[in-house]
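K.L.:
The structure's right below; bear with me while I get my questions together.
Read-outs throughout are calculated quantities, based only on the coordinates presented, and are distinct from any laboratory measurement. In this text the structure is predicted, and so the values were computed from the model without any measurement.
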Amino acid sequence: MAGFVVLLVAALALEVAARRGAGPATSTETVAAAMRTTPGRVAVLLAWVWLGVHFLAR
């Protein structure tokens, strides 16, 4: 559980840094770039399925 918290904090820190202009692309820009190609769309779909199966399914 602690590992997931660390990953969440790291992701939030990267997002804040990106929005200030000091870091890599924001998550919105990253997903938009991935959705431009068919393999990227498949990757986004699989990421959503993985999240749904692991965190939303009971």
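K.L.:
Rounded, prolate or oblate for the chain? Axes are the square roots of the Cα gyration tensor eigenvalues, ordered a ≥ b ≥ c, and the cut-off for rounded is a/c under 1.5.
P.N.:
Oblate, since a/c reaches 1.5 and b/c is not below a/b.
K.L.:
Helix-derived [θ] at 222 nm for the chain: sum -39500 (n - 2.57) over DSSP H runs of at least 4, divide by residue count, nearest 500?
P.N.:
Computed mean residue ellipticity for the chain: -22000 deg cm²/dmol.
K.L.:
Let me ask something additional. Taking 0.36 nm per intervening residue step and subtracting the Cα-Cα distance, what contour gain separates SER27 from ALA43 on full extension?
P.N.:
4.3 nm
K.L.:
Over the chain, what is the relative contact order in percent, taking alpha-carbon pairs closer than 8 angstrom and at least six residues apart?
P.N.:
With pairs under 8 Å counted, the relative contact order is 15 percent.
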